[in-house]
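The next block holds one structure in the form of structure tokens; read it before the comments.
The values are calculated or read from the model by the stated rules, or taken from the named source; none is laboratory data. Note that this is a predicted model, so its numbers are computed, not measured. Positions of Cβ are backbone-derived with ideal geometry, glycine not excepted, and every protein chain shown enters the neighbour counts. The area values use the complete protein model at the heavy-atom level, side chains included, leaving out ligands, DNA and RNA. Shrake-Rupley method; radii C 1.70, N 1.55, O 1.52, S 1.80 Å.
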Amino acid sequence: MGEKRSYKKSIRLLELERLLELRPRSTAELAEQLGISQRTIQRDLDDLRKLHGSVQVDAQGRYYLVTQAQHSPYSLLLNYTIFRFFYHQAPTHHQYFLDELHRHIKQLPEHIRGLVARDLEAYRRRNLPSDRVLEMVLRAWQERRVLQVGYRDLQGRRSQRKLEVWFLELNRWNLALYALARMPGSRHPGPSVYKLARMSNPVLLDERYSIPESFDPNQLLSGAWGVTLAHRKVQVVLRFAPEVIPRLREGDLPEAVEWHPLEDGRAEAVYEVNAGPDGYPFELLGWVLSWGSLVEVVAPEDLRVRWLGEIRTLAVRWGEALRLRELSPLTLSH
């Protein structure tokens, strides 16, 4: 019985240490979070102080644990961005990620650590399903074992596939994860792109595979607006209004291969874009439409036709909506 109590107390002290590493807390708050009395918390704090001379009390009577944070600006950038990425994207709720987020927060300066600690607590409370697909894809890649999954394509068709995972990529626009993977026995020597969100029922097989030394994911993804591979490329010419040109040249958007200033202040940007098997740069259209009236598609012609079609559809749809608003009883009463 004594050994069981000692074990439970050891676990409780570890949890208490974890809480105090993040931000100052009162004994009442600690008691509520750990589900014990404030008197027990006070005894635990005394024991923790014997183990850690760095347990301190702030001006409000709250306890905290002094940690040796890394104060390099670049370590701050790395640890902070890793935390914010997983906080917003949360691809899985696995305890491993919670522990890793805690570790990265510990590296932040105290005043920043206190600001983000509540976000970590909110992350812990999220009711996210355990993502077995992500875990199995990572294991398959790590161990170079063939992964069998159910896969749903863009048309909603489902099939079972065996995949050799060669690389994982994040889509720059929505941060969704994609696997660059090859089906064993395929006539095509290189990988194709598979979105993890479309996978289900993963099974790790005993079959092994090797990744060719010649495989270069950067070469395949160069020119990708999302994750389309560079099996085909097309030149896209876009004409931008003067007011957005400085934004386009700040360096955090895909680089144009050419810029051509025009006499009226506008500029034409030429992009080398990865295209689908039919040669159509389908990933680009949504980004172009997001600029609204500030951009014009000049070439290629099929992209320009599709862009104009979307504009006309919007004009018809919202023109009709505006007409109905103008004819509404509320409008007529005025």
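Here the gap between residue 138 and residue 205, fully extended at 0.36 nm per residue and compared with their Cα-Cα distance, gives a gain of 22.8 nm.
Quick one, what does Rg over Rh come out to for the stretch 202-321 if you take C-alpha atoms and the Kirkwood Rh? Could the numbers behind the result be given before it?
On the way: Rg = 18.2 Å, Rh = 16.5 Å.
Ratio value, two decimals: 1.10.
Put simply, the stretch 139-192 fits an ellipsoid with semi-axes of 18, 16, 11 Å; these come from the alpha carbon gyration tensor as the roots of five times its eigenvalues, largest first.
Full extension of the chain between residue 78 and residue 96 yields a length gain of 4.6 nm, computed as 0.36 nm times the residue separation minus the alpha carbon distance. For the pair residue 247 and residue 124, label points projected 7 Å from Cα toward Cβ lie 4.0 nm apart.
Spacing of the modelled spin labels on residue 290 and residue 214, each 7 Å from Cα toward Cβ, amounts to 3.6 nm.
Using 0.36 nm per residue, how much length does the chain from residue 282 to residue 314 gain when fully extended, once their Cα-Cα distance is taken away?
Working: separation 32, 0.36 × 32 = 11.52 nm, distance 1.86 nm.
Value of the extension gain: 9.7 nm.
Considering only the other residues whose Cβ falls under 14 Å of the Cβ of residue 33, what net charge follows from Lys and Arg at +1 and Asp and Glu at -1? Mind showing how you got there, number by number?
Working: positive: 12, 18, 23, 25, 62, 118, 124, 125; negative: 15, 17, 21, 29, 32, 44, 121.
Net local charge, residue 33 excluded: +1.
Taking every DSSP helix (H) stretch of at least 4 residues in the chain, weighting each as -39,500 (n - 2.57) and dividing the sum by the residue count yields a mean residue ellipticity at 222 nm of -13500 deg cm²/dmol. Out of (i) 18.7; (ii) 16.6; (iii) 29.3, which label holds the value of mean projected area of the Cα convex hull in nm² that was computed here? Given (i) 18.7; (ii) 16.6; (iii) 29.3, the structure-derived one carries the label (iii).
Note on the chain: lysine pairs with Cα distance below 22 Å, sequence gap of 8 or more or different chains, count 6. Ligands, DNA and RNA left out, the accessible area of the chain computed with a 1.4 Å probe is 53% carbon and sulfur.
When a/c reaches 1.5 or more, the comparison of a/b and b/c decides; with that in mind, is the stretch 180-222 rounded, prolate or oblate per its Cα gyration tensor? All intermediate terms of the calculation are to be shown ahead of the outcome.
Details: a/c = 2.08, a/b = 1.29, b/c = 1.61.
Taking the square roots of the gyration eigenvalues as a ≥ b ≥ c, the stretch 180-222 is oblate.
With R₀ fixed at 22 Å, the C-beta to C-beta distance from residue 88 to residue 33 puts the FRET efficiency at about 0.35.
About the Cα centre, and with charges only on the beta carbon of Lys, Arg (+1) and Asp, Glu (-1), how big is the dipole of the chain? Nearest 20 debye, please. Intermediate results must be reported in sequence, preceding the final value.
Details: 48 positive and 42 negative charges, 317 e Å.
Rounded to the nearest 20 debye, it is 1520 debye.
Can you tally the net charge around residue 44? Count Lys and Arg as +1, Asp and Glu as -1, for every other residue whose Cβ sits under 9 Å from the Cβ of residue 44. All intermediate terms of the calculation are to be shown ahead of the outcome.
Values: positive: 9, 12, 43; negative: 46, 47.
Net local charge, residue 44 excluded: +1.
Between the listed residues 97, 28, 181, the Cα displaced farthest toward the positive end of the dipole of the chain, a dipole computed from Cβ unit charges relative to the Cα centre, is found at 28.
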